[in-house]
Amino acid sequence: AAGRLAMAQGDYGRARVLNEESLVLWRDLKDTPGIASMLNCLGLIAAYQSDFGRAVPLYEESLALRRGLGDKQGMATTLNNLGLAAYGRADHSQATIFHEESLALRRELGSKLGIAMSLHNLGLMAQGQGKYRRSTALLQEGLALQREVEDKQGSARSISNLGVTAFYLGDLAQAATLQEESQALQRELGDRRGTAFSLNHLGEVV
């Protein structure tokens with residue numbers, strides 16, 4: 001839990017140390033769900049540092065364990081993260097496949113928060129492929145669910161990415177408004193990564 005909090009605050013070095021320590025303990029206990037969870041977390045830390053070569057094998061091991069357990073929630077989470085890793089490598093087609101499988105599982109489970117996350121990420125994939133109208137529709141659909149379940153962090157990221165899409169569509173005033181709204185939420189949450197993202201794109205608008 002301490003590792004997850006460090007990760008949320010952008011302290012990736014500390015997060016990795018804590019989660020690696022946790023992984024050793026889970027392996028000693030032969031606790032497969034715990035091992036899968038920590039592998040996924042370590043993959044996230046690597047991905048946040050753009051080390052996709054390290055992240056992908058961690059995700060793949062986690063996914064294999066979760067498939068073996070029949071853990072659909074865990075599978076959806078790890079597929080989502082594999083999609084983001086593929087996106088980080090600019091492989092939008094493969095990323096879309098991962099996110100669509102993740103979305104299907106989340107719809108089956110009825111997880112509004114998960115569905116919102118998958119819609120957001122599919123919106124990112126559409127954005128990366130230059131499909132800006134589709135990106136806007138997916139991000140807005142995800143944002144409505146995020147607001148419904150009061151997911152402030154997810155909302156902030158969707159708002160920021162809607163700002164990016166508005167920028168590409170040439171609506172600079174709307175892009176600036178959305179980035180400023182997102183930035184206020186990110187600062188409230190103490191999300192340094194999200195704040196940096198919004199500042200970067202607000203700079204592009206200026």
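In table form, for the structure just shown:
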| quantity | calculated |
| --- | --- |
| Per-selection Rg to Rh, segment 84-206 - Cα, Kirkwood hydrodynamic radius | 0.96 |
| Principal semi-axes in Å for segment 92-144 [√(5λ), Cα gyration tensor, largest first] | 18, 13, 6 |
| Accessible surface, per residue, of the chain when the full set of protein chains is kept, probe 1.4 Å, Å² | 49 Å² |
| Compactness of segment 163-206, expressed as Rg and Dmax over alpha-carbon positions, Å | 9.9, 30 |
| Accessible surface of segment 1-54, 1.4 Å probe, proportion on carbon and sulfur as whole % | 55 percent |
| Debye log10 I(q)/I(0) at q = 0.18, 0.24 Å⁻¹ for segment 35-95, Cα point scatterers | -0.52, -0.88 |
| Degrees separating the helix 192-205 axis from the principal Cα axis of the chain, which is the longest one | 30 degrees |
| Protein accessible area in segment 60-206, 1.4 Å probe - carbon and sulfur % | 52 percent |
| Base-10 log of normalised Debye intensity for the chain (one unit scatterer per alpha-carbon) at q = 0.08, 0.17 Å⁻¹ | -0.27, -1.23 |
| Contour minus Cα-Cα distance for residue 147 and residue 193 (0.36 nm per residue) | 14.5 nm |
| Percent of C-alpha pairs per 5 Å bin, segment 1-42, short to long | 5, 30, 32, 19, 10, 3 |
| Rounded to the nearest 10 Å², the accessible area of residue 14 at probe 1.4 Å | 120 Å² |
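The values are calculated or read from the model by the stated rules, or taken from the named source; none is laboratory data. In this text the structure is predicted, and so the values were computed from the model without any measurement. Heads up: the accessible areas ignore ligands, DNA and RNA and are worked out on the full protein's heavy atoms, side chains in. Shrake-Rupley method; radii C 1.70, N 1.55, O 1.52, S 1.80 Å.
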